[in-house]
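**Q** This structure is in structure tokens; I'll ask about it shortly.
The values are calculated or read from the model by the stated rules, or taken from the named source; none is laboratory data. What you see is a predicted model, and the numbers here were worked out from it, not measured in a lab. FYI the Cβ positions are ideal-geometry reconstructions off the backbone, even for glycines, and counts take in every protein chain you see. Side chains are part of the model used for accessible areas, which takes the heavy atoms of the whole protein and leaves out ligands, DNA and RNA. Shrake-Rupley method; radii C 1.70, N 1.55, O 1.52, S 1.80 Å.
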Amino acid sequence: MALNLRQKQTNCIVRMLNLNQPLNSNEEVYKVLIFDKFCRDILSPLIHIKDLRKHGVTLYFLIDKDRQTIPDVPAVYFVQPTQSNVDRIVADASRALYQSMHLNFSSSLPRPLLEDIAAGALKAEAVHRIAKVFDQYLEFVTLEDNMFSISQPSCYVQLNDPSAGDREIEEIVERVASGLFCVLVTLGVVPVIRCPRNGPAEMVAGALDSRLRDHLMSKNNLFTEGGSLGSSFQRPILCLFDRNFELSVGIQHDFRYRPLVHDVLGLKLNAVVVKGEKGGPKSYELDGADPFWMANGSLEFPEVAVEIENQLNKYKRDVDEVNRKTGGQEGAEFDGTDLIGNTKHLMNAVNSLPELTERKQLIDKHTNIATVLLGEIKERSLDSYAKKENDMLTKGGIDRNELLSVLRGKGTKVDKLRFAIIYLLSSENTPQSEIEAVEAALKESEVDTCAFQYVKRIKSLNVSLASANSASKSNIVDWAEKIYGQSISAMTAGVRNLLSGDRQLALTRTVEALMEGRPDPEIESYLLFDPRAPKSSSGTGSSHSKGPFKEAIVFMIGGGNYMEYGSLQELAQRQQPTRNVIYGATEVLTGAEFVDQLTLLGQKMGCGSSTVSSSP
């Protein structure tokens, strides 16, 4: 049975809301739910507020808000294990806000914080109010059946910041490993881990491998079920990558429905806010409960517009059919048979009304979203950006006049900046005169070029690395990493990855090779960590546990996006038999949000917004 992360996490949440009791209990207990902002975001895509009542939740509050005493009701707390949350829990217990307190922490509660709760409750003589304490290992946000985020903002900046110290990097790596550990506990699997050498992916793989090993050694480990799985091909493979592996995907425009809604309208936690018919803001949920979104999210925008039209016509035909059957026939004599037949049609019509109403609401919703999108597409020429960026990445360049006409044409400042960076990444050798012309065009449009300068400087360093002979290359890499932060060598690979002819994403191509487990020069140097194997084999690329794999978890450190998610789902669907690929990231970023992080790095590296160019 395929791993379904959304279903597994939802089951854990529902059990938690049921006071961690079996769900078949007949007695319904009314309760209060207390959460912090992070855990509210975990709940939001899984259980709608209106559905909380089904699970006996009558009231819900943020933990840091002032709350009134509700003495006869149990409270379910769902919060991160932080000092401020623990202090608030102790304060609630001492004030006797609730009859009993069921404490659920999103990840493992450190021993010192557990002792703080015990000491505080003891001092306030409120020990009897603390019913149970649970580590839930749910510190991630599931957006779709096969997509999640561990909600660690600005990881790309933190990992590539030239001024970041070892301790800061280790803390970030530990947080990422902790988030992934929660995902694996929820799925109940211990995967085989693969990653490229050097850079954040290897660091996270090492930290996660150690954590899993330590956990598997303990008596009460959470993977008892996973342990019963037999040979390695039944376990999933966890493929870790760093955003520099394929930088362009985080920046380019995409013309498919799901990525377009995310990039243009700011889809967040499966909800989007657009301008309604009457001019006010209108919020829409876009998730598994929306069949149109699920069926058409991966289509190009024009195909989606056609599909909306088809659905509307089908709806109109069905309404006409109902009207025809229930309206009676003109001039027909009234007799008993007609009455019986007509009554039957009326009953069918009444039964079909809820379904027709739901379909109409769905059509109206996507018509409204598509109308707003179309306005943005026309105003910013987004179709042209998407096509030309894809052409550049496929062909490795663009005609100079065409390039400059785009930069001087329609689009926001960020659209132009993104286009310029894709141009920079699309070919290995860019003439200096062209780069200067691009910088001048950006300056003409008053675009902050920090991000452009940052990518240019990194790329120029990569050219130096590529031309250095093997004897001195390692020294240059060491020097570069000290000056420019982490994973310069990974960035070099990222530039090479852009030059594939068929424009299948390098990430998808590499994941396919790793799942197949066949010899492939692209993945020859990849490290392998198997937490169930003896420690001595960790990190080595031995033939053990190399597949093939039916299921994969792909994780992008430094920010993911819907374009990669769509590409990996297409890969899973075209495999025979169909495979299962779960995609996750430290955070899900729009192109503009990722460019903001590149801009910040440019500022930290002193790139500035000037057009003074560094040597190629």
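**Q** Work out the FRET efficiency for LYS278 and MET217 from their Cβ-Cβ distance, taking R0 = 56 Å, and round it to the nearest 0.05.
**A** Computed FRET efficiency for LYS278 and MET217 comes out at 0.35.
**Q** For ARG197 and GLU444, what is the calculated FRET efficiency with R₀ set at 56 Å and r taken between the beta-carbons, to the nearest 0.05?
**A** That gives a FRET efficiency of 0.85.
**Q** Where does each of ASP399, ASP391 land when they are ordered by accessible area, with a 1.4 Å probe and the largest first?
**A** ASP399, ASP391
**Q** Still on this model: How big is the accessible area of SER108 in square angstrom, nearest 10, if you roll a 1.4 angstrom probe over the protein chains?
**A** So the heavy atoms of SER108 present about 60 Å² to solvent.
**Q** Also, I was wondering about something else. Would you list which lysines come within 26 Å of LYS387, measuring only between C-alpha atoms, while excluding same-chain residues fewer than 8 positions from it?
**A** Within the straight-line cut-off, LYS387 pairs with LYS268, LYS378, LYS395, LYS410, LYS413, LYS416, LYS443, LYS456, LYS459.
**Q** Please enumerate, by chain and number, the lysines with C-alpha under 23 Å from the C-alpha of LYS54, excluding those fewer than 8 residues away in the same chain.
**A** Qualifying lysines at Cα under 23 Å: LYS8, LYS31, LYS37, LYS132.
**Q** While we're here: How many angstrom separate the Cα center of the stretch 236-285 from the Cα center of the stretch 369-405?
**A** Rounded to whole Å, the Cα centres lie 17 Å apart.
**Q** Working with all protein chains in place, sort HIS215, HIS366 by solvent-accessible area computed with a 1.4 Å probe, largest first.
**A** Reading off the accessible areas and sorting them downward yields HIS215, HIS366.
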